[in-house]
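To start, the structure under review is shown below, and the notes come after it.
The values are calculated or read from the model by the stated rules, or taken from the named source; none is laboratory data. This structure is a prediction, so every number in the text was calculated from the model and none was measured. As a convention, Cβ positions derive from the backbone with ideal geometry for all residues, glycine included, and neighbour counts pool all protein chains shown. Surface areas here come from the heavy atoms of the whole protein model, side chains and all, with no ligands, DNA or RNA. Shrake-Rupley method; radii C 1.70, N 1.55, O 1.52, S 1.80 Å.
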Amino acid sequence: MIATGPTYLFSLDDPGCADRHRAGGKAATLAELARAGFAVPYGLVLTVDAFAAAAGGVMPEVVERALIKAADHFGAVPLAVRSSALDEDQPGASRAGQYETVLGVVGADALQDAVQRCWSSAASAGVRAYADHRTASEPARMAVLIQRQLDPTAAGVAFTADPVTGDRDAVTIEAVAGLAATALAGGADPERWQCRTGDSPVLRSASQHAIDAATAGRVAELARRVAADRGAPQDIEWAVDEAGLWLLQARPITALPAIEPVPIPVEVPDGYWEREPVHAPQPHTPMNRSLLNPRRTEAMRKAFARSGVLLETIDFRDIGGWEYVRLVPPGGKDGSTPPGWLLGLLLRVHPALRRKAAAARAEVAQDLPLALTEKWFNELRPRLAERLARLRDTDLAALPYEALARHLTEVRAYADEAIDLHFLLHGTQAQPLYELITACRDLLGWAEERTCDLLCGLSATSTAPARRLAELAEQVASDRRLRAMLDEGPEALSRMSAADQDFEERLAAYRREDGFRAMRYEVAEAALGERDDLLLQLIRDHLTLDLAVADAAVAQRRDSVRAEARQLLKQRPKADRRRFEAALRRAETVYPVREDNEFYTVGVPLALVRAVCREYGRRLAERDQLAAGDDVFFLELDEMRHALADSADRRELVVRRKGERAWVEAHPGPPVYGTPPGPPPSLRWAPSAIRGVNEAVLWYTGRDFEAARSGGRARSDAQRLDGIAASPGTYTGPVKIVRGETEFDRIHTGDVVVCPVTSPVWSVVFPSMGALITDVGGILSHPAIIARECHIPAVVATGNATELLHDGQLVTVDGSAGTVDLARAAE
């Protein structure tokens, strides 16, 4: 701080500098960013009041004295004197380049002259013309920012959105060696880099060697952080010197072209359709849609036929760009529900239904759930793991075009087989879990949530990625050099790997084994191993976590609930005790398969397809068939394959598809289409085998899909939100809204994470949470299962918690009662 009059001169870190009307746009923005933790060079602000006091351009004596003190404060170092006008750096008009900046200012006289030059620029012809054109909202008054001038090795600008195309996923960097003033004034041709999320920086033009790829990545990360802080795309100025990377200015990108929405037809098929927000909270990209549909529908058809479920399939469709599902009855058409006695008769005489009944009898007689579980662990999973290793480790960039096409065919075959297995393995869960639920209900009077505690801690696959991250964190904690490097910014992992070969090998193994999986059910999203920023944060978080404590708590809860059940059953007949123990044993056997298969049948196939798509995209962009490599995800799989063969331009198609997506996102579909078909038919007269199979499947589907949509919608003035009790325990803490996997870096230790839903890959961030709240989900949904494995209180299916709660708000999560209490947290 500098001791001066309170009106004319403030230190940049003074709270008064947040007032735009005193400090002007540039200085106020930098003051806010400095307080948010960004590296902004120290400075002083000559306020707007000083400008107003200079009547007729004559500097008052009191302002001169303030500037003398400022010059003395800095000493003989060169200063950068920069305008900070009221109407500068605003969302509607940035006024970039309209006002004066004076560099190399030394001494009081030179400082006074530089301030006069800045003031004079407020009345320049250029500023007046700009104001006339833009209709300025503020008069041309200004403050002046005085900072120590850096001696950078490189400097430049960065845009967090493409100023020409409007693409928000590309950071464009312009860099020059030394000071950036010549580049900004057009006196030098800067080198240009492009950095896309999840990709390595790409050098687009190199008239000079100003920065390397690592520095470009740091600049891109800085720009993205500024944009996230300011809540809009930003144009920043930056510089690098011996002390590190500095933020010199930030302003919103004005006149950014928007993607023109392109309407698509909304064609609703016959039948009753429900939105599927659990696995598809956002619209699919064309690539993802072509990969998954209609494969999932056929996979469900096979699974239902094998087990004797009295449905043809679950049909997955895009309607108006959003995913909907429909339970397809035998024959394919909705109709009136037949009476139970008629269904019992049809199961004996109708050929198709007789086949269903025979399949159900075989399911029970051969105990297919346990047989398939054993086959999964002993045969199917090892075979998939072997194929995965070979496909994942293929050097795609080295493949000729024909070999790349063959690789794509093989990856697609893996993905198709994986989808079939995924739904088949889901079927193994239903009957054993339902048997345990009904046994505990009939014999103990337990609710389903209580019964689930008998199985917590058995799904080791849920927590394995977090455990291996904890091992990396332990290595960092035990090595002083690595611990110090952890806080050196986005490039810290690269530096740590270069400094320690053992850490490098462990990190590479983590990326390869655990990081090679999709972040969500969307092939366009970066895989976990591509997110160095996230891995860095997770390692840092694990330094303060002790997973052994959570493991012990989970095991203790499971043992306690089992002991309670057995104690209650002591006085029951031996047949009841046998029923309970048999149901528990079968459920324990199949329960781990739910999360275990997700890695090999969902996460890995999507990551394999993503890897080959990105290689296709890179080649198509090199041949100017696409504007950028990741635009490949706006093609369908066959369109991508044909594009590499025919060399035709696909850029116009991508622009149209992006416009269609913009329209879809602006027009979310209704929760349902069509008329509900009514309740399922009574199974009272059905043979016992088919009755047991179908009751179990209906229950299981309800706890994963239908219960996920059962949450109500609370009012904005509600003091309590109700949902489904998913994981027991009570926790009070601050809310952190996380709308998807791309926002994992917002989660910090102890946060109450509030999100629409979670996918299996969220398991890596669960240990950092204090509690979890979701809009949708059921007791057998991924968020519920993983929360129980991690000993985190959770309430799912609240309906609209992400709309009602806000960051920093204190709430109390009661995962045993299924409530989120705002009132108690506020007391």
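Apply the Karplus parameterisation 6.51 cos²θ - 1.76 cosθ + 1.60, with θ equal to phi minus 60°, to every residue of segment 471-478 and state each ³J(HN,Hα) to the nearest whole Hz, in sequence, with x for glycine and proline.
Running phi through 6.51 cos²θ - 1.76 cosθ + 1.60 with θ = phi - 60° gives 5, 4, 5, 4, 5, 5, 5, 8 Hz.
So if R0 is 30 Å, what FRET efficiency would E803 and T544 give, r being the distance between their Cβ atoms, rounded to the nearest 0.05?
It comes out at approximately 0.45.
If you filter segment 616-674 for GluC sites (Glu not before Pro), then keep DSSP loop positions with at most 13 other Cβ within 10 Å, what is left?
none
Taking only Cα atoms, what is the 0 to 90° angle, nearest 10, from helix 213-230's long axis to the longest principal axis of the chain?
Orientation of helix 213-230: about 90 degrees from the principal axis.
Within segment 631-674, name every residue whose backbone N is under 20 Å away from a label modeled 7 Å from Cα of E402 along the Cβ vector.
Within reach of a label on E402, which here means backbone N under 20 Å from a point 7 Å along Cα→Cβ, segment 631-674 contributes 641-647.
Using the Cα gyration tensor of segment 550-612, with a ≥ b ≥ c the square roots of its eigenvalues, what is the shape: rounded (a/c below 1.5), prolate (a/b larger than b/c) or oblate (neither)?
Oblate is the answer for segment 550-612, as a/c is 1.5 or above yet b/c matches or exceeds a/b.
Over all distinct alpha-carbon pairs, what is the Kirkwood Rh of segment 290-331 in angstrom?
10.6
Using only Cα atoms, find the angle between the long axis of helix 381-392 and the longest principal axis of the chain, and express it within 0 to 90 degrees, rounded to the nearest 10.
30
Please enumerate, by chain and number, the lysines with C-alpha under 24 Å from the C-alpha of K356, excluding those fewer than 8 residues away in the same chain.
Straight-line reach from K356, under 24 Å: K302, K333, K375.
If you project the alpha carbons of segment 439-527 onto the principal axes, what extent comes out on each, in Å, largest first?
That works out to 61, 35, 20 Å along the principal axes.
Below 23 Å, Cα to Cα, which lysines can K69 reach? Residues fewer than 8 away in the same chain don't count.
Partners found: K26.
Counting only heavy atoms of protein chains, what accessible area per residue, in Å², does the chain have with a probe of 1.4 Å?
Averaged over the residues of the chain, the accessible area is 42 Å².
Which of the GluC sites (Glu not before Pro) across segment 208-306 are loop residues per DSSP, with 15 or fewer other Cβ within 10 Å?
Answer by residue number: E242, E267.
Calculate what fraction, in whole %, of the accessible area of the chain sits on carbon and sulfur atoms when a 1.4 Å probe is rolled over the protein chains.
That fraction is 53 percent.
Only sites in a loop by DSSP and with at most 13 other Cβ atoms within 10 Å count here; which trypsin sites (Lys or Arg not before Pro) in segment 280-359 make the cut?
Of the trypsin sites (Lys or Arg not before Pro), the ones in loops of segment 280-359 whose Cβ has at most 13 other Cβ atoms within 10 Å are K333.
Mind checking the angle between helix 651-666 and the chain's longest principal axis? C-alpha axes, 0 to 90 degrees, to the nearest 10.
Helix 651-666 sits roughly 70 degrees off the main axis of the chain.
Stretched out fully, how many nm does the piece from K333 to R390 gain, at 0.36 nm a residue minus the Cα gap?
Additional length available on full extension: 16.1 nm.
HN-Hα J couplings of segment 813-821 from phi, Karplus 6.51/-1.76/1.60, θ = phi - 60°, integer Hz, Gly and Pro as x?
Calculated HN-Hα couplings, in order: 9, 10, x, 8, 8, x, 10, 10, 9 Hz.
Determine how many Å³ per residue the convex hull of the Cα atoms of the chain encloses.
192
Treating only the Cβ of Lys, Arg, Asp and Glu as charged (+1, +1, -1, -1), what charge dipole size does segment 296-350 show about its Cα centre? Round to the nearest 20 debye.
My answer is approximately 220 debye.
Find which of S459, A552, L486 sits farthest along the positive direction of the dipole of segment 447-552, computed with +1 on the beta-carbon of Lys and Arg, -1 on that of Asp and Glu, about the Cα centre.
About the Cα centre, the residue reaching furthest to the positive side is L486.
For segment 534-639, what does the alpha-carbon gyration tensor say about shape, rounded, prolate or oblate, given a ≥ b ≥ c as the root eigenvalues, a/c under 1.5 as rounded, and a/b over b/c as prolate?
oblate
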